[in-house]
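Below is one structure, written out as structure tokens; comments come after it.
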Amino acid sequence: MKLDAIKPKFVEFVPKVLEPGVLYISQKYKTASHLCACGCGEKVVTPLSPVEWQLRNEGGLVSLYPSIGNWNYACHSHYWIRRNRIAWSGGMTQQQIARVQARDRVDKTRYVAMVNKEKDRAAQAESAKTETLGSVIRRLWTALLRWFGS
Ligand SMILES: [Zn+2]
């Protein structure tokens, strides 16, 4: 039984047993879960992050971007959740699936690289600060030596 709608439910913890037709959303843990909309009973977990899924909530009408592609499950379902509606998409060929997965990997790598760059920048700023402090101490030390030396 393919669903054509899903009801969002905002929760702190996603329950172990999911009800069909409900999209559980935990803002706190940045994840959403639902049972595959085809009715196969598989649990679909969609982490919410800039490189995974983005959730849009328009006054209780939720959309997930990008689409849900359950190619790891037997059903191979592919659909969009748009404003609490399930928009069924055509099945993807193995080739298309591989392409999407490759793109996801690239996005993720890029995101990780960006985060690391931020970390590097912070570390550099930190070491620059230490350096400044070091040169101040060195200057004081030199002044002190000069003073004692004279
Ligand atoms: Zn399914």
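Assign unit charges at the C-beta atoms only (+1 for Lys and Arg, -1 for Asp and Glu), then state the dipole size of region 20-150 relative to its Cα centre in Debye, rounded to the nearest 20.
For this selection, approximately 340 debye.
Once amide H atoms are built 1.01 Å from N in the peptide plane, which residues 5 or more positions from residue 89, or in another chain, come under 5 Å H to H?
Under 5 Å from the amide H of residue 89: 78, 79, 80.
Based on the alpha carbon coordinates of region 5-74, what radius of gyration and maximum Cα-Cα distance (Dmax) apply, in Å?
11.4, 34
Give me a comma-separated list of calculated 3J(HN,Hα) values for region 14-28, in order, Karplus coefficients 6.51, -1.76, 1.60 applied at θ = phi - 60°, integers in Hz, x for any Gly or Pro.
Per-residue couplings from phi come out as 6, x, 5, 9, 9, 8, x, x, 10, 9, 7, 10, 10, 5, 4 Hz.
Once the convex hull of the alpha carbons of region 82-149 is built, what does its volume come to per residue, in cubic angstrom?
Spread over its residues, the Cα hull of region 82-149 gives 86 Å³ apiece.
Taking the highest mean first, how do the peptides 4-16, 125-137 order by number of other beta carbon atoms within 10 angstrom per residue?
Going by the mean number of other Cβ atoms within 10 Å, highest first, we get 4-16, 125-137.
Which value in deg cm²/dmol, rounded to the nearest 500, describes the helix-derived mean residue ellipticity at 222 nm for the chain, given -39,500 (n - 2.57) per DSSP H run of n ≥ 4 and division by the residue count?
Working: 1 runs with 56 residues, N = 150.
Taken over the chain, the calculation gives -14000 deg cm²/dmol.
Bear in mind that the values in this text are calculations on the coordinates, not laboratory data. Please read all numbers here as calculations on a predicted model, not as lab measurements. Because the Cβ atoms are built from the backbone with ideal geometry, glycine has one as well, and the counts that use them run over all protein chains shown.
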